[in-house]
Amino acid sequence: MVRDGLLVPGDRLPSERELSESLGVSRGTVKKAYDKLCTNGVTQSIVGSGTFISMGQDVISAGRKQQALDSIENLVDQLYTGGFSYREIETHFNLVINKYRTLSKLVHIAAVDCSPEALYTFEDQLGYIEQVEIDRILLSDLKDGKYPRGYFNRYDLIVTTSTHYNELIERLPLMRNKIMQAVISPGTQTVIELAGIPKDKTAGVICMSRRYLEVIQTFMTRDVAKKNTLVLDEDNTDINQFLRDKDFLIFPPAHILDGTGLEELPQFTEAGGRIIHFNYQIERGSLIHIEERISNILHIKIGGAV
């Protein structure tokens, strides 16, 4: 009756005795029903006055529920048609639901790798989950003993590239169950653009670390002379001078190099220079596994809090 609008907020219900007599059921059965309605917020009991339809109740009709299911099904169909698997859709639904349950940072992740550029890749691709906090940790700092014993106990998850997975297991054996590996590779568009550089054009590479330079050169279809590479962590070459004779410039996503003195790039492109961003990506299978692990951690933490 509440669902159909026959009873509205403020209406008084029959007493337990009155309803039990009119329905021909025991008073205990009526009491259990009233208790359930009260627990669910549909009714409220006022001592000495009786039971009333709650002013704050919101009973969802069967029609509205069907509309909700239809909306969800339509969204799932759109996502599936767009290339997402049902497994991915389920994981993303769980992540969104957990987002609305809490706004605090509940999952603490350490991203570990030998190059800062790869660490930004983890941050970029997992940072969309609002309850996740990611710390970037260079493998060289870990090797040099900059992190005290027990430091990594604070993390729920430790992610690294497949290249360094076994080494990290050896260095942090007690964290073995928290360490996850991810296969990282350049995006398809990046590979196509690198292959499309004309042989008669000069290409320069700018990056933060020599390791990332080595990765970029692995996917180049030709050798890049040392004079055409600039590693910001090591070289003091003037960027204006470096750009002077280049036709193409290859470097990581622009935000990674923010504040590193690349203000000259607009002039480079205005003069006809072409920029190729070497975008590293977590491969889909690895990303799904990591997202599922994060979703499970959130479920446990939120469930425990409740």
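So here's what we get for this one:
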quantity: Subset tally (residues that are in a loop (DSSP other than H, G, I, E, B), within 44 Å of the chain's Cα centre (by Cα) and of a type in the set (Asp, Glu)) for the stretch 1-47; calculated: 1
quantity: Restricting the stretch 233-248 to residues that are within 17 Å of Phe278 (Cβ to Cβ) and surrounded by fewer than 18 Cβ atoms within 10 Å (Cβ to Cβ), the residue that is modelled with the lowest pLDDT; calculated: Asp233
quantity: Members of the stretch 169-190 found to be outside any strand (DSSP E or B) and either open to solvent by 90 Å² or more (accessible area, probe 1.4 Å) or touching a Ser or Thr at 6+ places or on another chain (Cβ under 9 Å) (or both), listed by number; calculated: Glu170, Arg171, Leu174, Arg176, Asn177, Val183, Thr188, Gln189
quantity: Filtered residues of the stretch 53-78 (kept if loosely packed, with under 12 Cβ neighbours inside 10 Å and at pLDDT below 65); calculated: Gly56, Asp58, Ile60, Ala62, Gly63
quantity: Selected residue (only one of Phe242, Phe219 is touching a helix residue (DSSP H, G or I) at 6+ places or on another chain (Cβ under 9 Å), in contact (Cβ under 8 Å) with a residue 12 or more places away in the chain and either among the acidic types (Asp, Glu) or over 24 Å from Gln189 (Cα atoms) (or both)); calculated: Phe242
quantity: Test: Ala195 is out of contact with any Pro (no Cβ under 9 Å at 6 or more places or on another chain) and surrounded by fewer than 19 Cβ atoms within 10 Å (Cβ to Cβ); calculated: yes
quantity: Subset of the stretch 84-126 (residues that are farther than 22 Å from Arg293 by Cβ, open to solvent by less than 40 Å² (accessible area, probe 1.4 Å) and not in a helix (DSSP H, G or I)); calculated: Ser115
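The values are calculated or read from the model by the stated rules, or taken from the named source; none is laboratory data. Keep in mind that what you see is a predicted model, and the values were worked out from it rather than measured. A quick note on method: Cβ atoms are made from the backbone with ideal geometry, for glycine too, and the neighbour counts reach across all protein chains shown. Note: areas computed on protein heavy atoms with side chains; ligands, DNA, RNA excluded. Shrake-Rupley method; radii C 1.70, N 1.55, O 1.52, S 1.80 Å.
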